[in-house]
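To start, the structure itself, in structure tokens.
The values are calculated or read from the model by the stated rules, or taken from the named source; none is laboratory data. Computed from a predicted structure; not experimentally measured. All Cβ positions, even for glycine, are placed from backbone atoms using ideal geometry, and neighbour counts span all protein chains on display.
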């Protein structure tokens, strides 16, 4: 083995052939990876991190090409390797784990056969030997009952299980380098935490190097030793994880960290600072100089945009490199934390949104080919309120029922049982078409996916104008004026009205969607994961926009999310849901401090936060999440609860313990919980 | 599995009833026409009416339909006025001829189209792919009779290697096999054009899937990737299409049969329709529908067998 | 991208601005078509035939039904008759030019009818679901698996064949294919968030289906319509060939082949030229469809 680095990338230059010409996506990337090391490659969408990863295994598709630079792996040059050489390396010395595990597995082949392929191809193993290795690998990735799993098809397994199988498939030949491309994106928070823990454990056993690609800075902190930050195809900063996150030197890195909510701050104390502007799409001709110059607050045109900026070592830190012309002159950075004082809770007026004993059961369509399915209890006996002018956040993982509540509030589905009151009006049984126009005006929704929230065949102006017309009955002549005014509120230029959604960025589309929702001047805004699909630097801007609008109009915001950090930042009241029931609800400071419901505790410990100083008592949830059709009789969390006390958890539904307006549904009494649990989410000052 | 069978059987029966009733009513619009046909154009109206009454054709439609069903159940399919023979004999003779043609054609089309479609789709936009795409598009654009004319002009008129008709009568001096070559060739060419494009489209789509990327990045040789990962997934949709081709092969090749004067099922129905031979039309329609529904069922079954996501 | 512009410059779009935008959009589309070779070739073929058909009364050298008895002695292509004459002395070139007219009227009309009917059925089936969906799909399945020629023969032989009958039958038998495509897309599109947003502002089901969903099903629909048109041309030809197409003596490409293919051993040209004519027109439509599909994928 050579002494040099395992992977040595120098001046890598990658271009894509588009209809309009050749666009250079990666102008020149250089980094090294030593054997056994874990390097994180972070950046937002379109920054080229996946492109760089795929270029290492030379899988760029028909349109992409490596047009310059070198990639040396184990001493061999990969850019000029022939097909046979590539095949010998892929799957054997370099293996990959992908983002969407379900799509990455062949749906018509059993898991076992897919696992056995690599050893049989690369090591010439016989079928029996390969099978034995596959079984051993499945045990290593902690899948229960490996024998049975071998015979399953991918669609019969959960997302977390599928990802473990993809990891097993990658590690089965003992590769020297494992490339993980967004491996936990799309997985639930607790599942993500479990997979990240698994990766850490496997590292200690397999001694392979890892290239970990993610847009989630927090998950990088969990797994990696070093991290490199990419922006528009360039590595702007690189160094040990601890240094990068406590002392970032590049304005982009600082901007990223500034716009991420941590669990320790809220909107009153430390506002999120979004990065102005947005990521420019890969242009055919890149301007010389720093790619971040257009958005940088510290830019000096003479030094920053005239010539290429080399990557230089930070003074005094041999491992820390930054590509910034002004790196040494920038003021020191410190993480913003702060907790402000919440406004005094409103008087005892009736809440704007109130839900009592809400239950929603879906009767599945009877499939004629198979037997009838069990009905799905999406929401069971839920009580929630949101005060006027305040933000209620509903938090939980997939399948917890939060989206169903959003749909019931907005009338897209009808409640099976229980009361739903909007501004005092009972609407539970009213589907959206049965609601009065006044009611329709009262509540509007902002949706999750910016790509499908606007009709791609209509201009922005048409969408907003139509909403104005239907909700306000606005006369057509004044339509343009009304549209322009709404665009202004969401900080879009009036010229946007003539644009089609496909020409807008994700953030712009979401703003347009918010403008559309405001057309009727709603008193209640239901936002269903409005920022989950957006880039990090854009999330902050949209979150700020929502809080601003809420403050200006006194609207009530029901904010649904799986992202605890955003919820901590933005909400006044929080409800934590699990499998259709409310596990815990209360003012945000109370919910995010002990006593916690055991599920909240697990969630908080699982959230990846980009703060290496935060010492976390790790709680990994074992056990299976019951399918929504088989919710247990007692506490729904009983099958996975690390604090399960005994049969009472399985048999009896937990009582709701009330501490003022903080409610916890658990059998364990509150003071007992307080005693057992430590505060999570606060940055612990560690003496160094 | 049982529910599958029951559900589809019910559907089959329902469809058979519905269509046969429709065809029945269609034909029975002008009850006097049958008698007119039998008696000829010079018969007086009274004679026509009398014969109509005698044949029981003036009774209400439903009653006649029930009678018809009863006759069917006992195996009596009626009498063909065009061929002057019991419908049953005429039907089965023509059906057998067509079955022969269809079987040979099917045996050629399936492997040919599958191989071409897979080979074209596995490397999209390669030279081979463009060639296959263009060829299949062009060939599928040529109507069957035009294909027949083109091929005949080459092989019959110019080269004289093959006979111009396939009447299956022994007297012509050409063996049955030689007679069948051109009709089969026309059918295979025309239909393959369509099936190849379907297989190719499905293959192209499958090759874009992430699991193919996984297989390639596992270092598997390309051949393994295609045969073990791509093929089965790519054939999921084409399989149903291929099953439906059986319909076309049996009943839809009337044009080819006409070109080569082949005594097949489609031609039989054409003549029956032109001649207003009602009993034959009804019987033929029933067979066609039966076949249509059965191939639908076979297609669904094949899909179920291939795709484990549907099964469990 | 978001340069601030004074709010006053935005006015309710005057008709001139709207027209200019429309023009720009169409010019972009034409330019787009030019990027795909199959699409360009296809469009050229179709346009050529359309022009020829429209101008047929002006450019056909002879009336289509005129029998030139003198030419019977010498029917093969000559200077007087560029494509020769048929067995009745009629100029083949003129008959082909005139024969293009009914085809280019019937085929597209039938497709438009099928598209309208199929789109409505597919939208309703996909949007409402449940029993409407079940009924529509089942009927479509039956009609689709039924070999079309048989249906034609039965219906046309019974009701006679006129242009409108043919259009009617073609519409009824092609609508299910389109209905199936539209239904599939509707099932997918109705889950989109903009549909939910439309519901939340009280739009009617009809509005949602026609204005929110249908425009987004455009792509595959247009491709399929091209394919259908090509296939309709084949069917019209086949019907003519079987003798149940348009009534004689008006020139009908299929009918021309029917009358003359028996004499192929002696005079192959009489059948070959009409066959070539039909094939080229269908090739045009199919190539256009291939090209459109490629362009759609590339987007």
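Looking at segment A:113-130 only, could you name the residues that are surrounded by 19 or more Cβ atoms within 10 Å (Cβ to Cβ) and out of contact with any helix residue (DSSP H, G or I) (no Cβ under 6 Å at 6 or more places or on another chain)?
A:114, A:117, A:118, A:121, A:122 - these are the residues of segment A:113-130 that are surrounded by 19 or more Cβ atoms within 10 Å (Cβ to Cβ) and out of contact with any helix residue (DSSP H, G or I) (no Cβ under 6 Å at 6 or more places or on another chain).
Quick one: in segment A:437-452, of everything that is in a helix (DSSP H, G or I) and facing chain C (nearest Cβ under 7 Å), which residue is surrounded by the fewest Cβ atoms within 10 Å (Cβ to Cβ)? Can you show your working first?
So the first thing to find is which residues in segment A:437-452 are in a helix (DSSP H, G or I), and the list is A:437-442, A:450-452.
Checking which are facing chain C (nearest Cβ under 7 Å) leaves us with A:437, A:440, A:452.
On the way: A:437: 14, A:440: 21, A:452: 20.
Looking at the filtered set, the residue picked out is A:437.
Determine which member of the set A:523, A:527, A:495 is crowded, with 19+ Cβ neighbours inside 10 Å and within 11 Å of chain C (Cβ to nearest Cβ).
On the way: A:523 fails: within 11 Å of chain C (Cβ to nearest Cβ); A:527 fails: within 11 Å of chain C (Cβ to nearest Cβ).
The unique qualifying residue is A:495.
Restricting the search to segment C:46-65, which residues are within 15 Å of residue C:256 (Cβ to Cβ), out of contact with any strand residue (DSSP E or B) (no Cβ under 7 Å at 6 or more places or on another chain) and not in a helix (DSSP H, G or I)?
Listed by number, the residues that qualify are C:60, C:64, C:65.
Just the residues that are assigned to a helix (DSSP H, G or I) and over 15 Å from residue A:61 (Cβ atoms), please, taken from segment B:206-229. Outline the logic, then answer.
Residues of segment B:206-229 that are assigned to a helix (DSSP H, G or I), as a first pass: B:206-207, B:210-217, B:222-229.
Those that are assigned to a helix (DSSP H, G or I) and over 15 Å from residue A:61 (Cβ atoms): B:206, B:211, B:215, B:222, B:223, B:224, B:225, B:226, B:227, B:228, B:229.
Quick check: anything in segment B:192-206 within 11 Å of chain A (Cβ to nearest Cβ), farther than 30 Å from residue C:150 by Cα, surrounded by fewer than 20 Cβ atoms within 10 Å (Cβ to Cβ) and out of contact with any helix residue (DSSP H, G or I) (no Cβ under 6 Å at 6 or more places or on another chain)? Write out each step before concluding.
Initially, segment B:192-206 is screened for residues within 11 Å of chain A (Cβ to nearest Cβ), giving B:206.
If we keep only those that are farther than 30 Å from residue C:150 by Cα too, we end up with B:206.
With the extra rule that they be surrounded by fewer than 20 Cβ atoms within 10 Å (Cβ to Cβ), the set shrinks to none.
No.
So, in segment C:261-278, how many residues would count as being touching a residue at least 12 places away in the same chain (Cβ under 8 Å) and more than 12 Å from residue B:145 (Cα to Cα)?
Here is the first cut: in segment C:261-278, the residues touching a residue at least 12 places away in the same chain (Cβ under 8 Å) are C:263, C:267, C:269-271, C:273-275, C:277-278.
Subsequent filtering for residues that are more than 12 Å from residue B:145 (Cα to Cα) retains C:263, C:267, C:269-270, C:273, C:277.
The qualifying residues number 6.
Does any residue of segment C:271-285 turn out to be farther than 30 Å from residue C:75 by Cβ and facing another protein chain (nearest Cβ under 9 Å)? Full working, then the answer.
Of all residues in segment C:271-285, those farther than 30 Å from residue C:75 by Cβ come to C:285.
From what's left, facing another protein chain (nearest Cβ under 9 Å): C:285.
Within segment C:271-285, one or more residues are farther than 30 Å from residue C:75 by Cβ and facing another protein chain (nearest Cβ under 9 Å).
Can you tell me how many residues in segment B:270-312 are within 13 Å of chain C (Cβ to nearest Cβ), assigned to a helix (DSSP H, G or I) and under 21 Å from residue C:154 (Cα atoms)?
21
Could you tell me which numbered condition residue A:148 fails, if it satisfies all but one of (1) closer than 29 Å to residue B:235 by Cβ; (2) within 12 Å of chain B (Cβ to nearest Cβ); (3) in a helix (DSSP H, G or I)?
Here residue A:148 clears every test but (2).
Condition test on residue A:167, is it buried (at least 22 other Cβ atoms within 10 Å of the Cβ), part of a helix (DSSP H, G or I), within 14 Å of chain B (Cβ to nearest Cβ) and in contact with a strand residue (DSSP E or B) (Cβ under 7 Å, 6 or more places away or on another chain)?
Numbers: buried (at least 22 other Cβ atoms within 10 Å of the Cβ): yes; part of a helix (DSSP H, G or I): yes; within 14 Å of chain B (Cβ to nearest Cβ): yes; in contact with a strand residue (DSSP E or B) (Cβ under 7 Å, 6 or more places away or on another chain): yes.
When the stated conditions are applied, residue A:167 passes them.
Looking only at segment C:269-292, count how many residues are surrounded by fewer than 22 Cβ atoms within 10 Å (Cβ to Cβ) and modelled with pLDDT under 85.
1
Residue under question is residue A:475, and the condition is that it be surrounded by 23 or more Cβ atoms within 10 Å (Cβ to Cβ) and more than 9 Å from chain C (Cβ to nearest Cβ); does it hold?
Details: surrounded by 23 or more Cβ atoms within 10 Å (Cβ to Cβ): no; more than 9 Å from chain C (Cβ to nearest Cβ): yes.
No, not satisfied.
May I ask you to verify whether residue A:194 is crowded, with 24+ Cβ neighbours inside 10 Å and either assigned to a helix (DSSP H, G or I) or at pLDDT 90 or above (or both)? It would help to see each step written out before you state the result.
On the way: crowded, with 24+ Cβ neighbours inside 10 Å: no; either assigned to a helix (DSSP H, G or I) or at pLDDT 90 or above (or both): yes.
No, not satisfied.
Would you mind telling me which numbered condition in (1) surrounded by 20 or more Cβ atoms within 10 Å (Cβ to Cβ); (2) over 18 Å from the mean Cα position of the chain (by Cα); (3) farther than 30 Å from residue B:281 by Cβ; (4) more than 10 Å from every other protein chain (Cβ to nearest Cβ) residue C:136 fails?
(3)
Run down C:233, C:257 and say which single residue is buried (at least 24 other Cβ atoms within 10 Å of the Cβ) and at the interface with another protein chain (Cβ under 7 Å from one of its Cβ atoms).
Working: C:233 fails: at the interface with another protein chain (Cβ under 7 Å from one of its Cβ atoms).
The unique qualifying residue is C:257.
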